[in-house]
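Enquirer: Dropping the structure in here first, questions after.
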Amino acid sequence: MSAWRKIRAAARALFRKRELDAEMDAEMRAHIEMRTEQNLKSGMDPDEARFTALRQFGWAESIKEHCRAQRGVTWLENLVQDARYGARMLRKNPGFTAVAVLTLALGIGANTAIFSVVDAVLLRPLAYPDSGQLVWLCERGPDWSGGSISYPNFTDWRDQQSVFERFGVYTGNNFRNPHHEGNPKQ
């Protein structure tokens, strides 16, 4: 079956459900009536012929559900039915609805704010050219304590190195531009 025919069949199953169900009911009745006729011709009385035809045909509701599942849009019908039920329940309980909407709004707002911070701090590259080549250097004592360096050591490192293109220093949240002359911010 081509994609276009599948789409048309799904649209028909979705928007003309009552018509398809009526056709299916008529077809099932016709099959049961044919079996009843065959049973009557074989010599059964009418009530027994009808009962036997129904028993031979099987459980009609189960067959209907199987046929509806073959249409391929059952999940969408269930989704629409669940959405309608949810909307009815929310209209029925306005206090709960207000609390639920407020909770969702706060949750979405908090997630958006947290993601914005994480995106800016962790996910996006730093606002430097070739930020993947940034290196952090620190000084450690004999017992591996410390981590910060003194300003005289920084100036010695900066003046004596030939590996790095630029050299900078920071303390806490303050950044010192190495091209700016003067004392570092403490």
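Enquirer: Condition (residue is under 30 Å from Ile7 (Cβ atoms) and within 44 Å of the chain's Cα centre (by Cα)) applied to the range 27-48: is it met by at least one residue?
Expert: Looking for residues that are under 30 Å from Ile7 (Cβ atoms) and within 44 Å of the chain's Cα centre (by Cα), one finds at least one in the range 27-48, hence yes.
Enquirer: Restricting to the range 126-142, what's the tally of residues that are in a loop (DSSP other than H, G, I, E, B) and surrounded by 10 or more Cβ atoms within 10 Å (Cβ to Cβ)?
Expert: 4
Enquirer: Testing Glu77 on (1) surrounded by 13 or more Cβ atoms within 10 Å (Cβ to Cβ); (2) acidic (Asp, Glu); (3) farther than 30 Å from Arg5 by Cα, one condition comes back false. Which one is that?
Expert: With (1) surrounded by 13 or more Cβ atoms within 10 Å (Cβ to Cβ); (2) acidic (Asp, Glu); (3) farther than 30 Å from Arg5 by Cα applied to Glu77, the lone miss is (3).
Enquirer: Can you find a residue that is at pLDDT below 80, assigned to a loop (DSSP other than H, G, I, E, B), loosely packed, with under 10 Cβ neighbours inside 10 Å and aromatic (Phe, Trp, Tyr) anywhere in the range 143-152?
Expert: yes
Enquirer: Arg5: at pLDDT 75 or above, part of a helix (DSSP H, G or I) and not aliphatic (A, V, I, L, M), yes or no?
Expert: yes
Enquirer: When you scan the range 54-61, do you find a residue that is farther than 30 Å from Asp21 by Cα, modelled with pLDDT under 95 and among the acidic types (Asp, Glu), even just one?
Expert: Checked against the condition, which is being farther than 30 Å from Asp21 by Cα, modelled with pLDDT under 95 and among the acidic types (Asp, Glu), the range 54-61 yields no hits at all.
Enquirer: Give the residue, chosen from Arg35, Arg68, Arg29, Arg88, that is of a type in the set (Lys, Arg), assigned to a helix (DSSP H, G or I) and in contact with a Ser or Thr (Cβ under 7 Å, 6 or more places away or on another chain).
Expert: Residue meeting the stated conditions: Arg68.
Enquirer: Could you grab me the full set of residues in the range 8-26 that are of a type outside the set (A, V, I, L, M, F, W, C), assigned to a helix (DSSP H, G or I) and within 17 Å of Thr74 (Cα to Cα)?
Expert: Arg8, Arg12, Lys17, Arg18, Glu19, Asp21
Enquirer: Which pairs turn up if I take residues in the range 4-26 that are touching a residue at least 60 places away in the same chain (Cβ under 8 Å) and look for partners that are exposed (fewer than 14 other Cβ atoms within 10 Å of the Cβ) and not in a helix (DSSP H, G or I) with beta carbon separation below 6 Å, at least 6 apart in sequence or on another chain?
Expert: Ala10/Gly72
The values are calculated or read from the model by the stated rules, or taken from the named source; none is laboratory data. Keep in mind the model is a prediction, meaning the values are calculated, not measured. Reconstructed Cβ throughout: ideal geometry from the backbone, glycine too, with neighbour counts over all protein chains shown.
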